[in-house]
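Heads up: the structure comes next, in structure tokens.
The values are calculated or read from the model by the stated rules, or taken from the named source; none is laboratory data. This one's a predicted model, so the numbers in the text were calculated from it and none came from an experiment. Here the Cβ positions follow ideal geometry from the backbone for every residue, glycine too, while neighbour counts run over all protein chains shown.
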Amino acid sequence: MTNTNTFIFATLFFIFTSTHCVVQNQTNAQPCSQDQKKAYIGYYNANITTFDLFLANLDLSRMNCYFQVFLVDGIHKTVMWIDFSDSGFEGYKNLYISHSNASELPSFEENLEIPLLNGSLNEVLLQEKQGDSKRDDRVFEFLKPLVMEAFNDFEVSKKYEYYETLFLMNRINLDKLMNVMITDFFGVFLVKEQEFIYDNFQKDLVAAAVRLGKDILPKLNAEFQQVLDDTVAKRTFYKISNDLNYVKQEFVKIQNVLAACENPESVSYGRNEVSKKMNFLYNKITLDDLKNFIRDFEITIDKKKDLDYVFELNDKEVNKKNILKYMNTIPFYKIQFFLLEKFEIIKYKRNDRNGYSMFNRAPKDNCGLTENKIMRFLNLGVEEKAVLSSMLTTDLKNTFIGCDKIVQGNQELYQMYLLPNNDQYCELMILQKDLGEQQFSTEVLLDTYPIKQKYVSCMRYCRGVVQKSMYLLI
């Protein structure tokens, strides 16, 4: 009986060991030889995209390579790997390759009975193949630390040259534009840092950046807001005040960004797909954004319009495409005026006095205007709120002191010099165009019209007087 039991136990043990213990450890982990490490790196480089291994473009020559021999179904198998735990990043899992003899090239190891493969990239890829796990989750966990590393390494101070542009965009009634630019800065930096990933797994990097963008971008925007201080404001205001070409340059940038946002081929503004997709999802410029901008612009440059003003485009539909076309027709001196008015809200004012008082030599009248024409021009100035009748200390007619005229083609520019309150001279510019057939158009020009003025504009002067009187009353 005892012999029988012994035989049965021995038989079961043999069956069990032959069925389940097909993998036997033959050696401990040992450093790879130069040829083994070369073979591993060659496989890695050749198959990194083919097998969706999803490993970063690391310098494997500087990392530790190991091999270990196992007996698998009676055949010796050499398993090799580079220890990615030394990389310092989360989400990296070891990739194991193997061969049974030195004459064959190493290949992807699929036998999960080999203890090394527990928790390896091999196991994850095989589970994905069987539908037991999702690739998107693996990829995101792999890319998350790379995206966050780029966010942590991004230095706002290195975008110093853009501070003035960002401040200007922040002042204009299109706040999203600043965020659009900041998002693009980050997208470009991320791709530069992870060029290999972008070139080989672009959709995955875009998806990870977009997924993390809801947390990253508000923090990045806040960092930029902190550096856009009074010093930046003063520099920007000075350039806007003194250089119309600077205004043109900056407004063209704005137009280009808006045009890119509306280009159906590009989806949104950005110098790469990361920037474009993030801007499309988080900083999309809407029709209401453009309408609010134009409405604010119109109310600011035309003092007759109030908060009830509704923007219209003659007979054209008010859509984004038509608004952008309209923006292209706005003279840059009007954009300059608009910007200066927006800066005035935050205490930056251009001069509203010129030092030329009634005690200086009176300007001459070199225009030869009839009294009717003088009054028509003066009334137009009052109507356009370039001259405030509430501050006049004499009849409107008697405020006219002198005039100069510039004729160019069918246009006549009248620089009218007024003395509204017996204190300072100011200048009212009237542009009259001959449309033919005894038809004329007449408009009051803003004080940023690109022509040299002798005195501060009447609009600036009158508003300055009123504001100072209100201040004294308070």
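Computed values, structure above
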| item | result |
| --- | --- |
| Any chance residue 174 is assigned to a loop (DSSP other than H, G, I, E, B), on the phi < 0 side of the Ramachandran plot and either touching a strand residue (DSSP E or B) at 6+ places or on another chain (Cβ under 9 Å) or not hydroxyl-bearing (Ser, Thr, Tyr) (or both) | yes |
| Residue in region 351-360 that is closer than 29 Å to residue 243 by Cα, basic (Lys, Arg) and in contact with a strand residue (DSSP E or B) (Cβ under 9 Å, 6 or more places away or on another chain) present | yes |
| Given (1) touching a residue at least 24 places away in the same chain (Cβ under 8 Å); (2) part of a loop (DSSP other than H, G, I, E, B); (3) more than 19 Å from residue 446 (Cβ to Cβ); (4) more than 46 Å from the chain's Cα centre (by Cα), index of the condition residue 346 fails | (4) |
| Residue in region 238-252 that is under 27 Å from residue 143 (Cα atoms) and at pLDDT 95 or above present | no |
| Any hit, region 349-360, residues being farther than 26 Å from residue 396 by Cβ and either part of a helix (DSSP H, G or I) or not assigned by TED's automatic domain parsing to the domain that holds residue 229 (or both) | yes |
| Tally, over region 262-279, of residues that are buried (at least 19 other Cβ atoms within 10 Å of the Cβ) and outside any loop (DSSP other than H, G, I, E, B) | 6 |
| Residue in region 388-399 that is closer than 26 Å to residue 246 by Cα and in contact with a helix residue (DSSP H, G or I) (Cβ under 7 Å, 6 or more places away or on another chain) present | no |
| Residue match in region 83-98 (condition: touching a Ser or Thr at 6+ places or on another chain (Cβ under 7 Å), surrounded by fewer than 19 Cβ atoms within 10 Å (Cβ to Cβ) and free of Cβ contacts under 8 Å to residues at least 40 places away in the same chain) | yes |
| Residue within region 284-299 that is closer than 22 Å to residue 142 by Cβ, of a type outside the set (Phe, Trp, Tyr) and crowded, with 17+ Cβ neighbours inside 10 Å present | no |
| Every pair of residues 6+ apart whose Cβ atoms lie under 9 Å, when the first sits in region 47-72 and is under 22 Å from residue 204 (Cα atoms) while the second is assigned to a strand (DSSP E or B) and of a type outside the set (Val, Ile, Thr) | 47/108; 51/108; 53/108 |
| Members of region 435-458 that are closer than 15 Å to residue 423 by Cα and either loosely packed, with under 12 Cβ neighbours inside 10 Å or within 40 Å of the chain's Cα centre (by Cα) (or both) | 456, 457, 458 |
| Odd one out for residue 432 among (1) part of a strand (DSSP E or B); (2) in contact with a Phe, Trp or Tyr (Cβ under 9 Å, 6 or more places away or on another chain); (3) closer than 25 Å to residue 242 by Cβ | (3) |
| Unmet criterion (only one of (1) assigned to a helix (DSSP H, G or I); (2) loosely packed, with under 13 Cβ neighbours inside 10 Å; (3) under 20 Å from the mean Cα position of the chain (by Cα)) for residue 325 | (3) |
| Residue ranges of strands (runs of 3 or more DSSP E) in region 44-144 with at least 2 members touching a His at 6+ places or on another chain (Cβ under 9 Å) | 65-72, 75-82 |
| Qualifying residue in region 364-380 (condition: of a type in the set (Lys, Arg), in a loop (DSSP other than H, G, I, E, B) and modelled with pLDDT of 90 or more) | yes |
| Selected residue (criterion: surrounded by the most Cβ atoms within 10 Å (Cβ to Cβ)) from residues of region 135-162 that are over 16 Å from residue 92 (Cα atoms) and basic (Lys, Arg) | 159 |
